[in-house]
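In what follows, a single structure is set out as structure tokens and then discussed.
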Amino acid sequence: MKLKAIFISLAFVGLLASCNCNNSNDWSDKDLIQIGDGIAIAQTEYGQIQGFIFKGIYTFLGVPYGAPTGGENRFMPPVAPEKWDGIKPALFWGASAPQPAFAWPNNVSTFLDHWNYYDISEDCLNLNVWTPNLDSEKRPVMVWFHGGGFTSGNSIEHDEYHGENFAREENAVFVSVNHRLGPMGFTDLSAFGEKYAASGNVGVMDLVFALQWVHDNIANFGGDPNNVTIMGQSGGGAKVCTVLAMESARGLVHKAVALSGNATSGADQTASSALGEYIVKAAGLDAKSVDKLQEMPWQDYLTLANNCSRSFGRETGMRAGFQPVADGVILPKDGYFQPDGHAKDIPVIFSSTVAERSISMNDPAMEDVTKEGAIEYLAKSYGQEGAAAVIAECEKAFPEMKPIEWLDMLSWNFRSGVVNSANAKVAQGGDVYTMWFAYNPPVFNGRLRAFHTMDIAFWYQNTDMMYSHTGGGPEPRAIAAKMGKSLKAFMETGDPNCGALPQWPKYTPEGGEVLWLDKESKVLYDPDGAIRAAIPAGVSRF
């Protein structure tokens, strides 16, 4: 018990140390932290909570928005937490959703990404709030959905997820959310009756439940419940698209931003339901005893379900995992962005980074790859003819790039997802803007490039905090300030133009308008259209 107390104390010190804003010299030591009786007390519909004030920003961590999800609540839609008497501490991160164990080896990846994992349990429906004041100003609200696909991650997985700086610099309220993941959030047991009808989607139902909490409570934190922007990266971007397709989110979302991740449909229920039946059989259960899955320790169920997912694919040839299900009730069967969907007038930004994955990060020799070498590298995935055609188009479109930069750009082809989702959203209605983040930080000999997740620190003005991604200092800080102002303008008006960046035109399928964001930003028009057209069908990443 004493060791756990020491761990929590050290973790809290680490939390405070990591909360260094980009202009931290604006704060004297006496202003650094305020915590104690009567300080940072906020009212929620379930009871009062106490946070702390750090550098002038009210901070509330691990706030319950739903009841624990274990036992009889497992596989069930979220329900409200019990109300409490007195004042509940909201001083540290809430538990992450059950997911495979995570280790922190002494390696480059750990240095780069600053992994943050603490408790893991089924009592995971919690959120964090950062706000400049507990007043009635009605600030715009940002709700952050973490990455990790639909199977891993948490609301503070990386330091760049902190909301303190954005809340201060843009006078906004920032909320980040934990929710059920993987088998706990997306096991489709609908074949076993009405009780489990929603089981394949409870993980995203949690997100809507959190948005309902925001709608009902955020005015007590100085936020405007009628001006809520949802934003996510990678799996979080797919979550943004999914929530935009959920009728239950109508009226809870007003703008949206999807970074390096998007989706235009849910999973086929034929496969997800068959996987659910496979799991039940593997557990030695049947329709009469399926409820016993709710009694298993979550660690045992997680192992069982993940093992079943792998063997199910090998044995049946069906593609099924743990992700939102197109059941025709919670999610439409005929794809997202339907003409009558609640998102039809909601403006959206779709973005990706230019590199997403740096091939030479762990293989410096790749920096010197030739054009011919790049073709040979690609041929493993594209075939010789396809590789030659794609590289030829890369050379035409981006002659200033090195061959390794062409490979980095192609490695995780998120641009196709951006364009596909942008086209679908334009067809539905609502303004659409697209961006391509291109900044290459001066770390690791310039081999990082604009890789997957890097842009998050810029959007939220955490570039000094996430120095391992950005290099820190005045150059990335200046880019971040411009991006933060544009994001704030988008949150307020649905238009990111505010003079901070070049005039950013709306996206059209015909023009392919995209803001290329770097030290010197510019607008391009479908710059990689011919490259995408040359990529062989059925090959998205290598």
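Since every read-out is calculated from the coordinates, none of them should be taken as a lab result. Keep in mind that what you see is a predicted model, and the values were worked out from it rather than measured. Every residue, glycine among them, receives a Cβ derived from its backbone with ideal geometry; neighbour counts consider all protein chains shown.
Laid out as a table, the results:
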{"read-out": "For Gly261, residues with placed amide H under 5 Å, excluding near neighbours", "value": "Ser234, Ser351"}
{"read-out": "Residues of type aspartates and glutamates that Lys138 reaches as a straight line, Cα spacing below 12 Å, ignoring anything fewer than 8 places off in the same chain", "value": "Asp224, Glu492"}
{"read-out": "Dimensionless Rg/Rh of segment 396-460 - Kirkwood Rh, Rg from C-alpha atoms", "value": "1.03"}
{"read-out": "Sparse-neighbourhood loop sites, GluC sites (Glu not before Pro) in segment 200-302 - DSSP loop, at most 16 other Cβ within 10 angstrom", "value": "Glu295"}
{"read-out": "Candidate lysines - alpha carbon under 19 Å from Lys281, same-chain residues fewer than 8 apart omitted", "value": "Lys195, Lys292"}
{"read-out": "Ellipsoid semi-axes in whole angstrom, largest first, where each is sqrt(5λ) of the Cα gyration tensor of segment 348-534", "value": "28, 22, 12"}
{"read-out": "Hydrodynamic radius of segment 2-259 per Kirkwood, over alpha carbon pairs, in Å", "value": "18.7"}
{"read-out": "Cut-off under 5 Å, modelled amide H: who pairs with Gly335 long-range", "value": "Gly266"}
{"read-out": "Scattering curve values for segment 119-222, log₁₀ I(q)/I(0), Debye with Cα scatterers, q = 0.22 Å⁻¹", "value": "-1.13"}
{"read-out": "Of Gly51, Gly251, Ser96, farthest towards positive along the dipole that unit charges on Lys, Arg, Asp, Glu beta carbons give segment 2-259", "value": "Ser96"}
{"read-out": "Binned Cα-Cα distance frequencies in the chain - 10 Å width, integer %", "value": "4, 18, 28, 28, 17, 5, 0, 0"}
{"read-out": "Set of aspartates and glutamates with alpha-carbon distance to Lys83 below 17 Å, sequence-local pairs under 8 removed", "value": "Glu45, Asp123, Asp216"}
{"read-out": "Loop trypsin sites (Lys or Arg not before Pro), segment 224-269 (other Cβ atoms within 10 Å of the site Cβ: 15 or fewer; DSSP)", "value": "Arg250"}
{"read-out": "Theoretical FRET efficiency, 1/(1+(r/R0)^6), r = Cβ-Cβ of Ala191 and Arg250, R0 45 Å, to 0.05", "value": "0.95"}
{"read-out": "Euclidean distance of C-alpha centroids, segment 142-172 and segment 53-78, integer Å", "value": "15"}
{"read-out": "Those GluC sites (Glu not before Pro) in segment 380-421 that DSSP places in a loop and that have at most 13 other beta carbons within 10 Å", "value": "Glu400"}
{"read-out": "Size of electric dipole in the chain: Cβ of Lys, Arg +1 and of Asp, Glu -1, about Cα centre, debye, nearest 20", "value": "300"}
